[in-house]
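What follows is one structure encoded as structure tokens, with my remarks underneath.
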Amino acid sequence: MTDVTIVGGGLAGLISAIQLRKAGYSVALFEKKQYPFHRVCGEYISNEVRPFLERNDLFPAKANPSAISTFWLTATNGKKAVLPLKLGAFGISRFAFDLWLYEKACDLGVTCHTGETVADIDFQDGHFQIQTVKGLALESRYVVGTFGKRSMLDKQLKRSFMTKKSPYVGVKYHIATSFPDDVIALHNFQDGYCGISKIEGDTYNLCYLSHRNNLRKNGGIKAMEESVMWKNPHLKSIFQNADFLFDKPEVINEISFERKEPVNHHILMAGDSAGLITPLCGNGMAMAIHGAKIVSEILIKYQLRDRELIEKEYTAAWEKQFRGRLWAGRQIQRLFGSDSLSNVAVNLARYAKPLASRLIEQTHGEEF
């Protein structure tokens, strides 16, 4: 029987696996894709996580991530505000970061099952029975669920957020362009917003969230970009002058910001499986890393004993660390994606900078 099984091989899953394996536990990790691969993600990480990553030899210095210190915000009409980022951030692609962590996990002795989709997780008699689509069966004392924003397992577990339709679609490109290395920009367009920032090398991440109606009205991604997003002159310039490095964009549908539970059917949820912060806050990767730290440390603290106490303490720790940030993100999102409100947000950033900086801090954590 395996001590801990991680279902999902993103940041939260890989870092949880690494930390638990370092503590001497047997760990199995399941990822439905084969590394390396791209994910729809802003690929911006607040420096709140950097001390933890460096202490644990998890910071991807060899990939030469970018250093980000400034935030640009534009309204749908192109009006711009500039703010400093208190902690700063770094940019790195999931293609590079996930692969590096995966290789580290394998080297440490984590049993990594790639190309395997978990179809069922059943808790009975004090442990879990895990079954994959391909027929692999595994028993495990604990399961950490890090299977992302929306999964067939969420449906199987009858999680409440799955019953609510989400109108959002996320799209990501990697591009080569002329843009400041130290800036993350958030450009509003009608019913959506688009971020751009440097990752490793000379590559930039361009990732946006749009209401599905934009796609429906325009018949597709490219037509929607030209008719809706290009009304913001900053976005028009980027799309017209950049070299797009993907054959086609990475796309994800049904992005839900509804409340989720940190523990469900005795599975300890982390990363986007526990709660998804609005992309404009740019901190999903930092939250995933911090969540992995919390869940692995609590399991190690109690030596995988006293399930009830582990679940109770993890729920309390997760709520204390993240619930307020998720709420703040949902409220701040209301200022984006419309002509009038995006102008309010830009004016706030330009003429009430202390307040605007305070709002940004609400979606970021402290260094740990």
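Taking Lys and Arg as +1 and Asp and Glu as -1, the other residues whose beta-carbon sits under 15 Å from that of ASP181 total -3. Restricting the stretch 262-356 to trypsin sites (Lys or Arg not before Pro) that sit in a DSSP loop and have at most 15 other Cβ atoms within 10 Å of their own Cβ leaves ARG305, ARG334. Helix 324-333 sits at what angle to the longest principal axis of the chain, using alpha carbons and giving 0 to 90 degrees rounded to 10? It is inclined by approximately 30 degrees.
Going by how many other Cβ atoms sit within 10 Å of their own, how do SER160, SER166 line up, fewest first?
Working: SER160 13, SER166 17.
Fewest to most other Cβ atoms nearby, the residues stand as SER160, SER166.
The trypsin sites (Lys or Arg not before Pro) of the stretch 121-227 that DSSP puts in a loop, and whose beta carbon has at most 10 other beta carbons within 10 Å, are LYS134, LYS158, LYS164, LYS165. For MET224, neighbours were defined as the other residues whose beta-carbon sits under 14 Å from its Cβ, and their charges (Lys and Arg +1, Asp and Glu -1) total +3. Cross-link pairs exceeding 18 Å between alpha carbons, from the set LYS172/LYS236; LYS32/LYS165; LYS104/LYS293; LYS22/LYS134; LYS155/LYS248: LYS32/LYS165; LYS22/LYS134; LYS155/LYS248. Pairs from the list LYS164/LYS353; LYS260/LYS353; LYS62/LYS320; LYS79/LYS198; LYS164/LYS301 with a Cα-Cα gap above 26 Å: LYS164/LYS353; LYS260/LYS353; LYS62/LYS320; LYS164/LYS301.
Here ALA317 and MET1 are evaluated by their C-beta separation; at R0 = 30 Å the FRET efficiency comes out at 0.70. Compute the angle between helix 94-108 and the longest alpha-carbon principal axis of the chain, please, reported from 0 to 90 degrees and rounded to the nearest 10. On a 0 to 90 degree scale, this one is about 20. Relative to the longest principal axis of the Cα atoms of the chain, the long axis of helix 353-362 lies at roughly 20 degrees. If the cut-off is 14 Å between C-alpha atoms, which aspartates and glutamates fall inside it for LYS80, apart from same-chain ones fewer than 8 positions away? Counting by Cα, and skipping residues close in sequence, LYS80 has these aspartates and glutamates nearby: ASP339. Bridge orientation summary for the chain: considering DSSP beta bridges with both residues in this region, about 70 percent are antiparallel.
Here, each number is a calculation from the coordinates, and none is a lab measurement. What you see is a predicted model; the values in this text were computed from it and never measured. Every residue, glycine as well, gets a Cβ built from its backbone with ideal geometry; the counts of neighbours run over all protein chains shown.
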